[in-house]
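See below for the structure under consideration.
The values are calculated or read from the model by the stated rules, or taken from the named source; none is laboratory data. Given the structure is predicted, the values throughout are model-derived calculations rather than measurements. No Cβ is skipped: glycine too gets one built from the backbone with ideal geometry, and neighbour counts run over all protein chains shown. Remember, those area values only see protein heavy atoms, side chains included, never the ligands or the DNA or RNA. Shrake-Rupley method; radii C 1.70, N 1.55, O 1.52, S 1.80 Å.
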Amino acid sequence: MRNQLKHFIHGEWVESTGSETYDVINPATEEVMGTISMGTKEDLDKAVAAAKQALPSFSQTSKQERVEMLERIAEEYEKRKDDIIETITDELGSPQKISEKVHYSMGYNHFSQAAESLKDFSFMEDRGGHTVVKETIGVSGLITPWNFPTNQTSTKIASAFAAGSPVILKPAEMTPFAAIILTEIFEAAGVPKGVFNLVNGSGEVIGNGISSHPDIDFVSFTGSGAVGKKIMENASETIKNFALELGGKSPLIVLEDADVEAAARAAVNHIATNTGQVCSAATRVLVPSKMKKSFEEAVLKVLPEFPVGDPREDNLIGPLISKKQWDTVQSYIEKGVDEGASLLTGGTGKPEGLEQGYYAKPTVFTDVQNNMVIAQEEIFGPVTTIITYDTLDEAINIANETIYGLAGYVIGNDPENLRKAATGIRAGRIKVNDTEADFSAPFGGYKQSGIGREWGDYGIEEYLETKTILGFPS
Ligand code: NAD
C-alpha cells in the first residue's frame, strides 16, 4: 500500500488540515492501492502563501541557475525510473512497456527539453525605440488529469520552473502517486522551498480554489472541456491568465497510396496506446472508399499484435482507469450500434477471461457517418471509427467537421497530398506518417481543444508576462 496523507508545502511534507481521504484503486485489480488526503481550502492557502513568498527570489534567479536546476531534476528523475514505471502501471493500469516507453520517457523529456529550450531563450529584446522584457507571470496553479500522470505534470512544472514561476500542483485524485514521486525528485534536486507545492484534493475544493484564488496569477489546466469552461469562468473574477489543454476527436487521413497494413496498424495503435485514453488519439479514421475492404481486413489482421490483459504482464492494452470510464465506453459502443454503425470487431462487455479489472474490448466501428455521436464525441477508450471518403478535399472537410482541433494525422506517400492534408486539417499538431516525437515542438489545440501551447519554448512563454520599456538606458 502507498499512503501519503500529507501535502508538500514550503519544502516540507505537512499534515492536511482536513480529515477527508481518498482511496486510489488499481484498475487492473479493482483493489485499493493507497490512500491520499483530500486537501482543504486552508491547505491551498498555505501552499499559495509559500509560492508567493518564494516568488521574488525564484523569479530573480539567473537563466543558468534554472537550467542547472532542470538538469538536476532530469538526473534525479532518471534515478527513479523503476518506481515511476511501477507506480504508473499500478495507478493507471498502463502496461509496463507503455509505462516505460511513453509515460516515463515523456516526463524525462520535458525536463531535459525545458533545460535545452531555456538555454536558447531570450528574456530581453532591444527593438530599436524600445526594449521588450519577458518576466515571470507570477505564481502558477497547475491542474492535471489522470491519463498521463508524468507527462502533463512534467511539461507544466518544467516550463514554469524555466520561467521562474513557483507552482502549486493539484494532480488528479485517481493517479496521485506519480506526482508524489515527482515531489521527492524535486526535494532531491534541491528545488528551493516554496517553489514547488503539492496539494492533493478534489476538483471541487482545490481545483476551484486554484482557479479563483486571488494570489494565483496563472492557471494551466489539462482535462475535460466542461471543467475548462469552469476554469475560464472562475479565472474571469480576477482576470487571471490561463492555458487550457482539453479534449479531441482527431482524424487520421489514410491516403490512396498508403501502405494499407501500416495504416491499419497505426489506427489500432491509436486506440491501444493508454487504452485509447489519449486526448490526441486519432479516433476517426478516414479511408478512401475503394480501400475500405482491404483496410478492414488489415485491421483484423493486425489487431492480435495488441494483446489486452494484465499490465504487469507482456500486454499492450490495459484496463480503463475506472468503473465509471468503463461504463461510459460501454454506453458509447451501444450508441454506435443504435446509430447504425457496423461493428467490425469488439463490442460491449469484457474481453474473454478478463472479468476482474476494468478491461474493455478493442472496438472498431465501420460504416460510420461523421455526424454520428461516436464520430463527434470523445469516447476516451479503445474505440475507433472508420469513415470513407472519395476525394482528398472531402476527407479534409470531414476531418474539420468537429468542435475539436487538437491533432491530425496523415499517412501516405505522395508529397503533394501529404502537404495538402497536413495544411488543410485545422488542428494544433499534425503528424505525417510515422514521424518521431519532438519535445521542442509546441503542443496544444485549436477550437474547443484548448487555448495556449505547452512543450519547449512555447511552453515557457505561457508562464511569462511581456513588459515594454521605453527609454531603457543601454
Ligand atoms: P477532468 O476535467 O474531469 O479532470 C481534470 C482535473 O481537473 C482533475 O485533477 C480534476 O480533479 C480537476 N477538476 C475537476 N473539477 C474541477 C473544477 N471544477 N475546477 C478545477 N479543477 C477541477 O478530466 P479527466 O476526466 O480527469 O481527464 C480526461 C479529459 O482530459 C479528457 O477530456 C481529455 O481529452 C482531456 N485531456 C486533454 C489533454 C490535452 O493535452 N489536450 C491531455 C490529457 C487529457
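Brief remarks follow.
- Looking across region 446-474, the residues that are more than 27 Å from VAL132 (Cα to Cα) and outside any strand (DSSP E or B) come down to GLN448, SER449.
- Among the strands (runs of 3 or more DSSP E) confined to region 71-143, the ones with at least 2 residues that are within 16 Å of the ligand (Cβ to nearest atom) are located at 140-143.
- Residue within region 58-74 that is of a type outside the set (D, E, K, R), open to solvent by 20 Å² or more (accessible area, probe 1.4 Å) and within 27 Å of the chain's Cα centre (by Cα) present: yes
- Meets criteria (within 14 Å of the ligand (Cβ to nearest atom) and of a type in the set (Val, Ile, Thr)) for ILE168: yes
- Matching entry among GLY318, GLY276 (being open to solvent by less than 10 Å² (accessible area, probe 1.4 Å), modelled with pLDDT of 95 or more and over 30 Å from ASN413 (Cβ atoms)): GLY318
- Failed condition for ALA427, given (1) surrounded by fewer than 20 Cβ atoms within 10 Å (Cβ to Cβ); (2) assigned to a loop (DSSP other than H, G, I, E, B): (1)
- Flag if ALA54 is over 27 Å from the mean Cα position of the chain (by Cα), closer than 12 Å to LYS193 by Cα and surrounded by 20 or more Cβ atoms within 10 Å (Cβ to Cβ): yes
- Only one entry in ILE398, ILE387, ILE379 is among the hydrophobic types (A, V, I, L, M, F, W, C), buried (at least 17 other Cβ atoms within 10 Å of the Cβ) and in a strand (DSSP E or B), namely ILE387.
- Listed here are the helices (runs of 4 or more DSSP H) enclosed by region 193-289 that have at least 2 residues being under 17 Å from the mean Cα position of the chain (by Cα): 225-237, 260-272.
- Among the candidates SER280, SER294, residue that is hydroxyl-bearing (Ser, Thr, Tyr) and over 29 Å from GLY444 (Cα atoms): SER294
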